[in-house]
Amino acid sequence: MRTRRPLRPAAVAKNLTALVVAAIFVFPVYWMFSSSLKPQSEILTKDPVFFFKPTFENYSTATGVDLFWSYVTNSLIVTLGAVLLALLVALAASFAIARMKFKGRKGIVLIVMMAQMAPWEVMVIAMYMIARDNDMLNSIPLLTAIYFVMVLPFTIWTLRGFIAAVPVELEEAAQIDGCTRGQAFRKVIFPLLAPGLMSTSLFGFITAWNEFAMVLVLNKDKTNQTLTFWLTQFQTAFGNDWAATMAASTLFALPVLVVFIFLQRKAVGGMTAGAVKG
């Protein structure tokens, strides 16, 4: 029989610290979810209420907002459209940067890094003026294109590192066996990119799904707005409906949580594998 090793004080301290840190991050999520099940009277109390009779009326109020399904549809279109476009463009760009030697390669990598670090909020006014002058305000395709540009630098950077981590010998062996360079990429390299694709897709989805400033400035027409704008709809003449706001926030966070649960293992592997020198 295997004997169990006694826990060392250092290991116990690390585990306890990890539990405390996890609790700090998880508690706001728990409070949001529990508040979504409370009546309004039990949310606006001096003392916190931990035991209560749950109600789903807040979710009915949240989803009963006018144009709710229009918001859902718009969010899915701009988010999925931006992520898919970014993956298609980044696959070609990252392969060229990682595998091909050409003049200006390092400069392109530097530009990608600078674009990733730049705060997009400073470009809101400029984008508004361009969209206004070209009669493109209140446009779902324009919003999709902007989100695509926002997530593209990170997608290129991560996939570049991941492609660089794949041995060149695998690609050369496929070409010796008769594959063209495109076939070698499709049959050899692409199947090995699953973790990188998952991690970049997850990041792009979260970025586009949560973005608020662009849609607020560029899409004043409610029929062309997204779920981030829907979260601002729970204000009345008597104040904020916090119960409905918490229910809406829970529903808004649910798709991201579901995507993360399905992609978490491959996403973590992709983020670490993409962080190589190339």
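The values are calculated or read from the model by the stated rules, or taken from the named source; none is laboratory data. Keep in mind that what you see is a predicted model, and the values were worked out from it rather than measured. Glycine also receives a Cβ, built like all others from the backbone with ideal geometry; neighbour counts cover every protein chain displayed. Accessible surface is based on the protein model in full, side chains and every heavy atom, while ligands, DNA and RNA are left aside. Shrake-Rupley method; radii C 1.70, N 1.55, O 1.52, S 1.80 Å.
Consider residue 167 carefully, then state whether it is out of contact with any helix residue (DSSP H, G or I) (no Cβ under 8 Å at 6 or more places or on another chain) and not hydrophobic (A, V, I, L, M, F, W, C).
yes
What pairs come out if I take residues in region 80-96 that are within 9 Å of residue 204 (Cα to Cα) and of a type in the set (Ser, Thr, Tyr) and pair them with residues that are surrounded by fewer than 16 Cβ atoms within 10 Å (Cβ to Cβ) and at pLDDT 95 or above whose C-beta lies under 6 Å away, six or more apart or interchain?
Final answer for the pair search is none.
Just to be sure I understand, how many residues within region 146-170 are without any contact (Cβ under 8 Å) to a residue 24 or more places away in the chain and in a helix (DSSP H, G or I)?
Matching residues across region 146-170 total 3.
With the requirement that a residue be among the hydrophobic types (A, V, I, L, M, F, W, C), open to solvent by 40 Å² or more (accessible area, probe 1.4 Å) and in a helix (DSSP H, G or I), what does region 94-126 give you?
108, 110, 111, 113, 114, 117, 120, 122, 123, 125, 126
Report whether or not residue 111 is modelled with pLDDT of 85 or more and either of a type outside the set (Phe, Trp, Tyr) or over 19 Å from residue 196 (Cβ atoms) (or both).
no
Just need a number here: residues in region 63-75 that are part of a helix (DSSP H, G or I) and open to solvent by less than 40 Å² (accessible area, probe 1.4 Å).
Adding up the residues that qualify gives 6.
Which one of 21, 78 is in a helix (DSSP H, G or I) and either modelled with pLDDT under 90 or closer than 30 Å to residue 145 by Cβ (or both)?
Among 21, 78, only 78 is in a helix (DSSP H, G or I) and either modelled with pLDDT under 90 or closer than 30 Å to residue 145 by Cβ (or both).
Can you tell me which residue in region 155-181 is nearest to residue 92 (Cα to Cα), limited to those that are among the β-branched types (Val, Ile, Thr) and open to solvent by less than 30 Å² (accessible area, probe 1.4 Å)?
Of everything passing the filter in region 155-181, 156 is nearest to residue 92 (Cα to Cα).
Is region 44-62 home to any residue that is in contact with a Lys or Arg (Cβ under 6 Å, 6 or more places away or on another chain) and either assigned to a helix (DSSP H, G or I) or of a type in the set (D, E, K, R) (or both)?
No, there is no match, as no residue in region 44-62 is in contact with a Lys or Arg (Cβ under 6 Å, 6 or more places away or on another chain) and either assigned to a helix (DSSP H, G or I) or of a type in the set (D, E, K, R) (or both).
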